[in-house]
Amino acid sequence: MSLPEFLKEKQAQEEKTGKSKKGDYRQKCLDLLARIKDLSDEKYKDLAHRFQGKLSNENLQKKVIMGYYAQLMSEWKALAPSMPTTQQIKKKVEKVMRPVKQEIQKVKKEVSKEVAKVEKVVKEAKEKVTKKVSKKVAKKTAKKTAKKATPVKGAKKAAAPVKKKTAKKAPAAKKKAPAKKKK
């Protein structure tokens, strides 16, 4: 295997596994140096000189670059103590949000009670309406069944034997004249 082929394979493996951690810490160090430059030019010059002199080498151990990153963090915190960390911001947000959460819980309970009351009233109204409707339906069916059950006046005659009679032709119905149109 030749050297160019080996380097190509090695580069392909690195691309598959992702970037090295050392590169990430180098970038973080450069970012911190930029922040420190905004706060103090003298500190920046000193720390950047140290970074360029010793730590810019690619074959540097990871623990050395991580140590330098930790040093930069402490320098940055010393220069900017007023800048809150994410943990401090989190604590402040939680402190502010606690009463809001409690108020939300109170409102949630009140709303759920009101909803339960409304559901109860609606249920009772629904039951009343169904009772009224069922009573009306029962009355109507009772009337219909009562009509069917009562004997008709001519029922006795209908039960008697029917004599055959010859049917007479009924006189023809008179035709109605069409209604006059009004003008």
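Every number here is computed from the coordinates shown, using simple stated rules; none is lab data. Owing to the predicted nature of the structure, the values given are computational and were not obtained by experimental measurement. Positions of Cβ are generated from backbone atoms using ideal geometry, with glycine treated the same way; all protein chains shown enter the neighbour counts.
Given the Cα-Cα distance of Thr141 and Glu15 and 0.36 nm per residue of separation, how much length would full extension add, in nm?
Details: separation 126, 0.36 × 126 = 45.36 nm, distance 8.52 nm.
Stretched fully, the Thr141-Glu15 segment lengthens by 36.8 nm.
How far, in nm, would the chain grow between Gln27 and Asp41 when pulled straight, counting 0.36 nm per residue and subtracting the alpha carbon separation? Could you put the intermediate results ahead of the total?
Values: separation 14, 0.36 × 14 = 5.04 nm, distance 1.95 nm.
The Gln27-Asp41 span can extend by a further 3.1 nm.
Using the crude model of +1 on Lys and Arg Cβ and -1 on Asp and Glu Cβ, and no other charge, please compute the dipole size for segment 88-142 relative to its Cα centre, in debye to 20.
Values: 21 positive and 7 negative charges, 33 e Å.
Its charge dipole is roughly 160 debye.
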